[in-house]
Amino acid sequence: MLTYTLDKDKGHLSRELYKALKNDIEEGKLERGEKLPSKRTFARNCSVSTITVQNAYDQLVSEGYITAVEKKGYYVSDSVVKKKAKISYYVEEDQEASIVELPDLSNNRVNVDNFPFSIWSRIMRKTMMEKQHLLLSPMKTEGVYELRRAISHHLSSFRGMAVSPSQIIVGAGTEYLYSLIIQLLGRDKLYAIEDPGYMKLEKIYEANGVKSIKVKLDEKGLSLSSLEKSSADIAHISPNHHYPTGITMPLDRRYEILSWASKRDERYIIEDDYDSEFRVSRNPVPTLYTLDTSGSVIYMNTFSKSLASTVRISYMVLPEDLSDRFQEKYSFYSSTVSSFEQYTLASFIEEGFFEKHINRMRLYYIRQRQAVLSFLSSSLIKDKCSVIENDSGLHFILRLNTTHSDKEVKELLSQEGIKISALSDYSNSPAVCHDFIINYSNLDMEAFERALDILSERI
């Protein structure tokens, strides 16, 4: 009977199970063609959830270590090459790497277990061999043309956006791009940010010497009446999947916000489309950029959400007039992303691997979401809570029926070694409901189950 004893204190049990299986396959302890236990049986043997086993199996399938046969199960791949014996060296343990963080139910980082390492490393080697002369050549401020062209094609096929590569600026993370936008639009502008919303934005604008104002949301997203009252020049919003509320702005509100921008020169909308690839059950809503006819929208996205949080490559699409202004005033800047990373990512997209990765991850997140919601519906706390979600993005809101304050709930779970964030943490307004953020992209299922048990007993 195949079984492993996993250290639950480490968290990321699927990662631990994946590594254990991978090691046994490479060492020949699990032979080629050998049938693996069913997910349910294996989960019971290892004292973990079925989703933990599913995640481990999915990653092994993606890397070619095992194969899934419909209605039969999982088998060790016939093509696996046994690993050679390694020479051992003493390496001093990285103190930072050894720090064990508390499980965080609201952690919105993607699951690193699903990163396509084998494909990425192969493309990196290919890039090093085929583009040696380009890797040491100067780059344009906006980034290498191959990556901007690849992004342009991706936006066209996935988001219906007609964008020239010349309008795309590549940068090392959205925070860097925010600073470029501030320089481009001017430090005399007033920036409207969502309330509740991404708390870091206020600090970023403050650090760059510009003023920002918080604008309330309603059930459709950013409130138009509140925006008009704010006297803001720039609206910084996430209409396609707002974090943390999960609101997707409907078409009528999108046109209203666009109309607001068109009524005055030098009014702009910064559209942050950070996780649009992972809408799971509805057709993608057109971006504000696509609907815009007045050149008022700056579109932004990042690969940190679709690939990994450590892939610090983001991009923005400027309206043509702003693109011209950028070239005129700021073309002297050096690109902040290495050419090696840019060429690698360009090939990853152009060869179809990015689309395959997105499709695989979308399926993974659908399964993850279904498993989480299914478990929640059968848990002891089901009558004391409700789920608020709109089938988009990678999180939902868990509303608790309790007299305890948000602070008390967080302290209760913290005492048990579990972190959680409330919607009230993202706003200065008093909380009306007890809404808590559950992100299932990187959810520690064991911690989630333990949290629900604690809440069912104590609230």
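The values are calculated or read from the model by the stated rules, or taken from the named source; none is laboratory data. Keep in mind it's a predicted model, so treat the numbers as computed, not measured. A quick note on method: Cβ atoms are made from the backbone with ideal geometry, for glycine too, and the neighbour counts reach across all protein chains shown.
Does segment 276-286 contain at least one residue that is modelled with pLDDT of 90 or more and either not assigned by TED's automatic domain parsing to the domain that holds GLN342 or not basic (Lys, Arg) (or both)? No, segment 276-286 has no match at all.
Candidates in segment 34-56 are the residues that are in contact with a helix residue (DSSP H, G or I) (Cβ under 7 Å, 6 or more places away or on another chain), of a type outside the set (S, T, N, Q) and not in a loop (DSSP other than H, G, I, E, B); of these, the one that is nearest to ILE119 (Cα to Cα) is ALA56.
Just a yes or no: is a residue in segment 298-317 assigned to a loop (DSSP other than H, G, I, E, B) and at pLDDT 95 or above? Checked against the condition, which is being assigned to a loop (DSSP other than H, G, I, E, B) and at pLDDT 95 or above, segment 298-317 yields no hits at all. In the set LEU227, LEU201, LEU258, only one residue is closer than 30 Å to ALA431 by Cβ, more than 25 Å from the chain's Cα centre (by Cα) and either touching a residue at least 40 places away in the same chain (Cβ under 8 Å) or assigned to a helix (DSSP H, G or I) (or both); that residue is LEU227. Condition test on LEU345, is it assigned by TED's automatic domain parsing to the domain that holds PRO165 and over 21 Å from ARG450 (Cα atoms)? Yes.
Examine segment 59-70 for a residue that is outside the structural domain of ARG450 (by TED's automatic domain parsing), crowded, with 21+ Cβ neighbours inside 10 Å and at pLDDT 90 or above, and state whether such a residue exists. The answer is no, given that none of the residues of segment 59-70 is outside the structural domain of ARG450 (by TED's automatic domain parsing), crowded, with 21+ Cβ neighbours inside 10 Å and at pLDDT 90 or above.
Residue-wise test of (1) without any contact (Cβ under 8 Å) to a residue 60 or more places away in the chain; (2) under 17 Å from ILE182 (Cβ atoms); (3) assigned by TED's automatic domain parsing to the domain that holds LEU185.
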{"site": "ASN301", "(1), (2), (3)": "yes, no, yes"}
{"site": "SER304", "(1), (2), (3)": "no, no, yes"}
{"site": "SER309", "(1), (2), (3)": "no, no, yes"}
{"site": "ILE313", "(1), (2), (3)": "no, no, yes"}
{"site": "SER323", "(1), (2), (3)": "no, yes, yes"}
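Would you mind finding the one in GLU146, GLU175 that is of a type in the set (D, E, K, R), under 30 Å from SER427 (Cβ atoms) and either part of a helix (DSSP H, G or I) or touching a helix residue (DSSP H, G or I) at 6+ places or on another chain (Cβ under 7 Å) (or both)? Checking each option against the conditions leaves just GLU175.
Listed here are the residues, each with its yes/no results for (1) surrounded by fewer than 14 Cβ atoms within 10 Å (Cβ to Cβ); (2) within 24 Å of VAL110 (Cα to Cα); (3) in the same structural domain as ARG149 (by TED's automatic domain parsing).
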{"residue": "TYR333", "(1), (2), (3)": "no, no, yes"}
{"residue": "ASN359", "(1), (2), (3)": "yes, yes, no"}
{"residue": "ILE366", "(1), (2), (3)": "no, yes, no"}
{"residue": "PHE375", "(1), (2), (3)": "no, yes, no"}
{"residue": "CYS385", "(1), (2), (3)": "no, no, no"}
{"residue": "HIS395", "(1), (2), (3)": "no, yes, no"}
{"residue": "LEU398", "(1), (2), (3)": "no, yes, no"}
{"residue": "THR403", "(1), (2), (3)": "yes, no, no"}
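Scanning segment 5-33 for residues that are assigned to a helix (DSSP H, G or I) and free of Cβ contacts under 8 Å to residues at least 40 places away in the same chain, which turns out surrounded by the fewest Cβ atoms within 10 Å (Cβ to Cβ)? Once the filter is applied, the top-ranked residue is ASN23. Would you say SER338 is free of Cβ contacts under 8 Å to residues at least 12 places away in the same chain and within 22 Å of ASN301 (Cα to Cα)? Criteria met by SER338. For ILE234, the criteria (1) closer than 24 Å to GLU389 by Cα; (2) in contact with a Leu (Cβ under 9 Å, 6 or more places away or on another chain); (3) among the hydrophobic types (A, V, I, L, M, F, W, C) hold in every case but one, which is (1).
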